[in-house]
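Beneath this line is the structure, given in structure tokens, with notes to follow.
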């Protein structure tokens with residue numbers, strides 16, 4: 001029968017390093033892309049690896065564990081993601097948008113139907129909506145803000161954000177069969193400090209809503225995914 005001590009002693013450098021890296025998704029992604037100096041990384045994580053193993057270990061042993069990990073099939077999933085992103089289709093940007101959030105009610109959908117009628121009159125107006133359990137979100141071109149506020153004047157508005165832009169990205173059909181596509185994209189937006197007001201997706205496209213001041217950086221970040 002194994003004692004607690006004997007179970008701990010069965011830990012290997014490779015298993016401890018793998019456990020450490022997998023708890024840090026950003027680091028895992030960068031490692032999979034081969035953009036990290038393994039020797040430098042080994043020095044940084046060495047204290048935590050030694051503490052977990054309760055013994056002194058050489059930097060070289062950690063480097064070897066990192067090398068094997070970056071070559072592992074599980075980490076190669078990143079390459080499948082990159083292949084999909086290279087086939088990103090049209091990227092459409094719309095500016096001067098307003099984002100409304102209303103509490104769900106018995107009447108809000110009826111008012112939303114009236115708004116759709118108004119939107120259909122002008123095909124150039126941007127409109128999208130999503131419904132959660134307790135909230136309904138509506139994003140429109142700011143030229144019809146007055147219509148929204150008139151139609152929904154009896155509803156409880158919990159948030160109104162102005163001066164926003166949307167970026168709509170068309171993804172290749174295989175995006176639904178490759179895990180991690182959205183994580184990979186949003187990770188890079190996070191690295192650039194992009195704040196996402198809303199994320200709206202359909203099967204083969206998604207739309208993000210960002211502040212007007214950040215739209216150029218967000219657009220460039222997404223466009224650059226095609227050249228990874």
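Brief remarks follow.
- Between residue 57 and residue 191, the distance separating the two model label sites (each 7 Å from Cα on the Cα→Cβ line) works out to 2.6 nm.
- Gyration tensor (alpha-carbon) shape descriptor, the range 4-71, a/c threshold 1.5: prolate
- Placing pseudo-labels 7 Å out from each Cα toward the beta carbon at residue 203 and residue 33 gives an inter-label distance of 3.0 nm.
- Separation of alpha-carbon centers, the range 99-124 and the range 142-167, rounded to whole Å: 10
- Structure-derived percent of Cα pairs over 23 Å apart - corresponding label in (i) 61; (ii) 45; (iii) 49: (i)
- Helix-only [θ]222 nm of the chain, DSSP H runs n ≥ 4, -39500 (n - 2.57) each, per residue, nearest 500: -13500 deg cm²/dmol
Bear in mind that the values in this text are calculations on the coordinates, not laboratory data. Keep in mind it's a predicted model, so treat the numbers as computed, not measured. Reconstructed Cβ throughout: ideal geometry from the backbone, glycine too, with neighbour counts over all protein chains shown.
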